[in-house]
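Contents: one structure, followed by commentary.
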Amino acid sequence: MAGMGTQTIERPDVRTDETTEDDTPDVFHYVKKNKIAESAVMGTRVVALCGEVFPVTKSPKPGSPVCGKCKKIYERMKKDE
């Protein structure tokens, strides 16, 4: 039956990574591992190595930008171990 084939219509997924500026972190911060899950579930605030205080709402993807202050502090901590 010619003309009766199924057409696939592509549409953008509504769950894309494109979000409004105010709910996407500019950079991701280093926080204590044991506090991440608690914050994500309970909504409690965490304190990053740089002193930034916020609730955990997103997980970084590989290649995500990292806070420069946190990175320097983390590198120093690794050297001191």
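Scanning the stretch 27-57 for residues that are touching a strand residue (DSSP E or B) at 6+ places or on another chain (Cβ under 8 Å), farther than 18 Å from Lys78 by Cβ, touching a residue at least 24 places away in the same chain (Cβ under 8 Å) and not in a strand (DSSP E or B) yields a count of 2. Applying the selection to the stretch 30-81, what residues are of a type in the set (Gly, Ala, Ser), under 16 Å from the mean Cα position of the chain (by Cα) and loosely packed, with under 13 Cβ neighbours inside 10 Å? Ala37, Gly43, Ser59, Gly63, Ser64, Gly68 - these are the residues of the stretch 30-81 that are of a type in the set (Gly, Ala, Ser), under 16 Å from the mean Cα position of the chain (by Cα) and loosely packed, with under 13 Cβ neighbours inside 10 Å. The residue that is modelled with the highest pLDDT, counting only those in the stretch 38-81 that are over 16 Å from Val27 (Cβ atoms) and among the acidic types (Asp, Glu), is Glu38.
The values are calculated or read from the model by the stated rules, or taken from the named source; none is laboratory data. On a predicted model such as this, the values are computed, not experimentally measured, just so you know. Positions of Cβ are generated from backbone atoms using ideal geometry, with glycine treated the same way; all protein chains shown enter the neighbour counts.
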